[in-house]
Amino acid sequence: MSLKEGKHMMCASTCATLPHVVLPEVAHTTAVARNTVQQATRPNPEEMHVLLVEHNEATAQVIMATLTSVGYSTTRCSTSQIALAELEKPNIVLLNLDLPDETGLCVLAELRLASFVPILVYSAPTDDDSVVEALRIGADTYMAEPLRPGELLARMRAISRRAGTYRLADEIVCVDDIELDFRARRVTVEGKLVRMTPREFEVLSLLVRGSGALVSREKIMHDVWGRTSPAISNNLNTHMAKLRAKLNRPNLLHTVRGVGYRLGITSDG
């Protein structure tokens, strides 16, 4: 099935057939300097684990050989159901959008709802609208086949940096001149305390822990309010407006219209 066809088939009823995956809480990142979220020391190659969702045997073997050449370990899945079951294990996901058992866009939406994990999607060359749709749903980057090994590895490293794949587990995070103390549940800007409601702090914490990855509106509502509804969606809009006003950092909280939010990081680390 082509990506363009999958785009038109994506609907709530189709996505509802996919199992819901609940992940453990994403580990906290930490920072030591202004204008950046600190990147932890890059892990040994064997610590980078890739989930490859690819049904074509020949393509899978080429990609796995590329990953093995730089020391990455790989779990390969040929169907969407197996991929969702394996989601807790990888540092990054490579997803072929032309899957035989589900539309790739629907799988992408479920992956993004369940996890902050960086996702690189690829497919046979397709129209620009389909690529935009994949990025809107939650892909971190897109490549057209055939995949070039050097570019593939470079893009994987780039989205891993942005999405905070290399993490530390400390309790304090600094983003520019904003400091979040997760244990004390306290936020300061330029050293001055900013008072927040519990839910405002929880929303901001989700975005900071994502370290630049897209966080869907559905995930925020589930994690902070415990459910979704039109009323809660409006409440989320209000909380985001208040956070922006209190932090007074226009470039910190980015809206992906109709999908969710991401943290704006001003340095590539």
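Each value in this text was obtained by applying a stated rule to the coordinates, not by laboratory testing. Values in this document were obtained by computation on a predicted structure and should not be read as measured data. In this analysis, Cβ positions are derived from the backbone assuming ideal geometry, glycine residues included, and neighbour counts consider all displayed protein chains.
Compared with the alpha-carbon gap, the fully stretched path from Ala245 to Ala124 is longer by 39.2 nm at 0.36 nm per residue.
Figure legend: label point modelled 7 angstrom from the Cα of Arg257 along Cα→Cβ; residues of the range 126-162 with amide N under 19 Å from it are 128-139.
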